[in-house]
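The values are calculated or read from the model by the stated rules, or taken from the named source; none is laboratory data. All values derive from a computational prediction rather than experimental measurement. Quick reminder, even Gly has a Cβ in these numbers, built from the backbone with ideal geometry, and neighbours come from all protein chains shown. Remember, those area values only see protein heavy atoms, side chains included, never the ligands or the DNA or RNA. Shrake-Rupley method; radii C 1.70, N 1.55, O 1.52, S 1.80 Å.
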Amino acid sequence: MTGNELPIGEDDLQAFIDDRLDDRRRAAVEAHVAARADLADRIAAERRHRTLLRGQLEAKFAEPIPARLRIANLRANRRGRWIGSTRAAAAALAIFVVGAVAGWFANGLAPTPVQSVATAGVTQSAVAAFRTFVVEVAHPVEVGVQQEAHLLQWLSKRLGRKLAAPDLQPFGYKLMGGRLLPGGSGAAAQLMYDDASGRRLTIYVRATDGTETAFRFQREGDAATFAWIDQGFGFAVTAVASRDQLLPIAEAVYRGFEGRN
């Protein structure tokens, strides 16, 4: 390792196991692993375990997504309940949607739901951006919350859709700002939030191919992500949190964007 390279950490090892490193970083990690027999044994064991786990869950992955969890059905159900109802009825519907999605995961029907190719791509990009910028102290965002109106107008113009900053204060998170990122064949946006303890959460948005999907959950190391595709855009919410903690936040983000389009 040269003096300019960052030390090899757990995130590097997990990315090495998943084959997510670029050539230069992979070479550095390979050299690090080769110099430690105990680490090489651990890497080999984790790769065998993941291969075995994927094989055991392959049949489950092939199962269709329940219709009630597709974005189109969530929207139709939500709008149908809204017509002629009071605010209390709308609040009850939000609770119903969260409960329905949570029940699907909690019942173990899909312990690690397989993602469509498009949703998986959005997830991977969101997690990579999360890991890159969430650790930044001096420059976590490109445009701060003090210029929120300018930030959202700029990102909306580059993405080609109206972009909002969902209110996550009920969950203890406040907006820090955001940045423009490369995303597939176009641009992507990242909004970053933090809570009173300094924990950070990101919302990632980019145009993508693929049909509407249900919420998809994935964990990579300590980073948890809910992702979905809606109206030609991929969305992902990522944080160091449990699935149960992140699910209502993701649903609130979905409502925040859906209500503006």
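Values computed for the structure shown
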{"read-out": "Residues being open to solvent by 40 Å² or more (accessible area, probe 1.4 Å), without any contact (Cβ under 8 Å) to a residue 60 or more places away in the chain and in contact with a strand residue (DSSP E or B) (Cβ under 8 Å, 6 or more places away or on another chain) - total across segment 186-209", "value": "3"}
{"read-out": "Among residues of segment 132-145, those that are touching a residue at least 40 places away in the same chain (Cβ under 8 Å), in a loop (DSSP other than H, G, I, E, B) and either more than 16 Å from Ala239 (Cβ to Cβ) or not β-branched (Val, Ile, Thr) (or both), counted", "value": "1"}
{"read-out": "Which listed residue is open to solvent by less than 50 Å² (accessible area, probe 1.4 Å), under 22 Å from Ala224 (Cβ atoms), in a loop (DSSP other than H, G, I, E, B) and in contact with a strand residue (DSSP E or B) (Cβ under 9 Å, 6 or more places away or on another chain), from Ala120, Ala165, Ala129", "value": "Ala165"}
{"read-out": "Check on Gly232, at positive phi and touching a residue at least 12 places away in the same chain (Cβ under 8 Å)", "value": "yes"}
{"read-out": "Verdict on Glu212 being of a type in the set (D, E, K, R) and either buried (at least 17 other Cβ atoms within 10 Å of the Cβ) or free of Cβ contacts under 8 Å to residues at least 24 places away in the same chain (or both)", "value": "no"}
{"read-out": "Residues within segment 216-248 that are touching a helix residue (DSSP H, G or I) at 6+ places or on another chain (Cβ under 6 Å) and in a loop (DSSP other than H, G, I, E, B), tallied", "value": "1"}
{"read-out": "Pair list, Cβ < 8 Å and 6+ apart or interchain, from segment 146-173 residues that are within 15 Å of Phe233 (Cβ to Cβ) and in contact (Cβ under 8 Å) with a residue 12 or more places away in the chain to residues that are open to solvent by 80 Å² or more (accessible area, probe 1.4 Å) and charged (D, E, K, R)", "value": "Lys162/Arg260; Ala164/Arg260"}
{"read-out": "Among the residues listed as Gln169, Gln245, Gln218, the single one being modelled with pLDDT of 90 or more and under 24 Å from Asp19 (Cβ atoms)", "value": "Gln218"}
{"read-out": "Checklist (1) under 21 Å from Gln124 (Cα atoms); (2) open to solvent by 10 Å² or more (accessible area, probe 1.4 Å); (3) in contact with a Gly (Cβ under 8 Å, 6 or more places away or on another chain); (4) not hydrophobic (A, V, I, L, M, F, W, C) applied to Glu220, failing item", "value": "(3)"}
{"read-out": "Segment 5-38, subset of a type in the set (Gly, Ala, Ser) and open to solvent by 50 Å² or more (accessible area, probe 1.4 Å), residue nearest to His49 (Cα to Cα)", "value": "Ala37"}
